[in-house]
Amino acid sequence: MSGTIIRPYGDTTGDGMVQLSFTLPVPHDKRAEGAALQLARKMGLDPALIVHTKAMGPDFTFFVVYGSVHHLVNLDDVHVVEREYPLLTAKEANAAIKRTLRRPLVVVGACIGTDAHTVGIDAILNIKGFAGEKGLESYSEITVVNLGAQVLVPELVARAKEEKADAVLVSQVVTQKDAHIHNTMQMSAAFREASPAGTVPILVAGGPRFEEGSEAPLGIDRIFGRGTTPSEVASYLVHEMTTRKAGRT
Ligand code: B12
């Protein structure tokens, strides 16, 4: 292995060991264990070892399998999306908004669809903040309207219009049946339909399982993933707002 070619490891460097968990729709018995090993081997784990099994009701079994893969990873083929704007302090963000807009930036936030996971959006918006940073509510030049959980898209569009929102921030944590994708696409389509060209607010979605770089198919301006802090969001909003403003003059 060269410096840029790597393999996972568990016991000794380069042994290729990985751990994988899944559930099979079969009762917890020997046949289920055989099925789990068959799946693991088909996925390239060889040898594969079942390290944990648990019945999930009478008809399902949960497995943790530990095994070695022979695949190599080339670090030169890894492409990372770098932040293309500077990270601002709250003071710098406030000054930039004041200079550019000459009024506070209005942000409307919500968890849309049936999603009730508000901790993520609250971490960004609430004064209390996240990871030692205060949330956007603490910024003197940002007005935050946090609509909370399970907000329907028409409700969000109407409120954003009423508040004259510059930016709409939605959170999607539940990803079952791609709910986060469907809800976000529905949201962006609704804003485009309701807003004359050139007046669609900055559309931002956040949550731990969005695919990085998938803004275009979702019809939004920016995605933020796990570990996002309020200052990253404020800095982005300032950057996007300034770019839009410059485009109009
Ligand atoms: C707390 C929690 C709950 C609480 C939520 C309380 C609340 N008020 O939020 C309760 C108990 C209500 C709950 C319920 C359910 N939950 Co739950 N829950 C969690 C849990 C344990 C933690 C989530 C959390 O708070 N993370 C901490 C925050 C800070 O992180 P975050 O959300 O990722 O946010 C950060 C970034 O993603 C980003 N971000 C997030 N949103 C936004 C938005 C914007 C605009 C921006 C810029 C950034 C941003 O910034 C944040 C800070 O860095 C997770 C498991 C886990 N460990 O993640 C499961 C989890 C999310 N829940 C899950 C499930 C299945 C459910 C239920 C369906 C369970 C059930 N059968 O009833 C229900 C659904 C309820 C509903 N209608 O939505 C699953 C989702 C699986 C999936 N693939 O979709 C998880 C992953 C658990 C699991 N492993 O199965 N849950």
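The values are calculated or read from the model by the stated rules, or taken from the named source; none is laboratory data. These figures come from a predicted structure and were not determined experimentally. All Cβ positions, even for glycine, are placed from backbone atoms using ideal geometry, and neighbour counts span all protein chains on display. Heads up: the accessible areas ignore ligands, DNA and RNA and are worked out on the full protein's heavy atoms, side chains in. Shrake-Rupley method; radii C 1.70, N 1.55, O 1.52, S 1.80 Å.
Structural remarks
- Only listed residue being over 16 Å from L136 (Cα atoms), among the charged types (D, E, K, R) and touching a residue at least 40 places away in the same chain (Cβ under 8 Å), chosen from E163, E215: E163
- Residues located in segment 139-164, provided they are within 18 Å of V200 (Cα to Cα), open to solvent by less than 80 Å² (accessible area, probe 1.4 Å) and part of a loop (DSSP other than H, G, I, E, B): E163
- Residue count for segment 193-209, restricted to those that are more than 8 Å from the ligand (Cβ to nearest atom) and touching a strand residue (DSSP E or B) at 6+ places or on another chain (Cβ under 8 Å): 3
- Hits in segment 183-192 (condition: within 15 Å of the ligand (Cβ to nearest atom) and either at pLDDT below 95 or more than 19 Å from the chain's Cα centre (by Cα) (or both)): F191
- Residues within segment 86-133 that are open to solvent by less than 50 Å² (accessible area, probe 1.4 Å), away from the ligand (no atom under 11 Å from the Cβ) and in contact with a Ser or Thr (Cβ under 6 Å, 6 or more places away or on another chain), tallied: 4
- For segment 210-240, the candidate set comprises residues that are within 15 Å of the ligand (Cβ to nearest atom) and aliphatic (A, V, I, L, M); within that set, the residue that is farthest from A93 (Cα to Cα) is L218.
- Any chance F22 is open to solvent by less than 50 Å² (accessible area, probe 1.4 Å) and of a type in the set (F, W, Y): yes
- Against the numbered list (1) within 20 Å of T114 (Cβ to Cβ); (2) in contact with a strand residue (DSSP E or B) (Cβ under 7 Å, 6 or more places away or on another chain); (3) within 11 Å of the ligand (Cβ to nearest atom); (4) open to solvent by less than 60 Å² (accessible area, probe 1.4 Å), L136 comes up short only at (1).
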